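Report on the following structure.
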Amino acid sequence: MTVWTAVDSPLGDVLLVGEVTASGTALTSLSMPGQRSAPTVRDDWRHAPGAFVDVTRQLTTYFAGELTTFAVEFIPTGTDFQRRVWSALDDIPYGSTTTYGKLAERLGVARQDVRALGAAIGANPLLLVRPCHRVIGADGTMRGYAGGVERKVRLLTHEGALQPTLL
């Protein structure tokens, strides 16, 4: 059974979607308003905020600056290549960034296939939990984020990887 809830965050409402399993609820998606390829709530899904108590607590603690690593049960999806890329994202430490090129090198992805790596990062269904926001351009620019570049900047600033800008 698919369950969902929406959780308020400093980035706007976050949509949590999961599947009920024998051990609880496994997360299948964490998305934000306006995110490309984000799921939309379907009529056959059950609204179940109680199924996401642990994820909600972790998100609250993360945004309070007290959590640097998420421990969330999720259902693996994607192609073998995507899962390999997503696993590498999990290894990027809180408060740091890496580049698409460095990530490709680490994974043994040929230079001509870096676009495929970027597409795999962009297809990550677990924003925040799987830190795709920590991948930036070689020149330090923010190269896209499914949740929006402005949110990427806010997340990296929150984590201390970027300095706040004064306007």
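The values are calculated or read from the model by the stated rules, or taken from the named source; none is laboratory data. Everything quoted here is computed from the prediction, not taken from an experiment. As a convention, Cβ positions derive from the backbone with ideal geometry for all residues, glycine included, and neighbour counts pool all protein chains shown. Surface accessibility is based on the protein's heavy atoms, side chains included, excluding ligands, DNA and RNA. Shrake-Rupley method; radii C 1.70, N 1.55, O 1.52, S 1.80 Å.
Details
- Close pairs from the range 156-167: first on the phi > 0 side of the Ramachandran plot, partner at pLDDT 95 or above and surrounded by 12 or more Cβ atoms within 10 Å (Cβ to Cβ), Cβ under 8 Å, at least 6 apart: Gly160/Gly95
- Of all residues in the range 95-117, those that are assigned to a loop (DSSP other than H, G, I, E, B) and either closer than 12 Å to Gly137 by Cβ or touching a residue at least 40 places away in the same chain (Cβ under 8 Å) (or both) total 3.
- Those residues of the range 118-167 which are open to solvent by 10 Å² or more (accessible area, probe 1.4 Å), of a type in the set (Val, Ile, Thr) and not in a helix (DSSP H, G or I), in sequence order: Val129, Ile136, Thr141, Thr165
- Restricting the range 2-55 to residues that are without any contact (Cβ under 8 Å) to a residue 12 or more places away in the chain and of a type in the set (A, V, I, L, M, F, W, C), the residue that is most open to solvent (accessible area, probe 1.4 Å): Ala22
- Any chance Arg106 is open to solvent by less than 40 Å² (accessible area, probe 1.4 Å), modelled with pLDDT of 90 or more and of a type in the set (D, E, K, R): no
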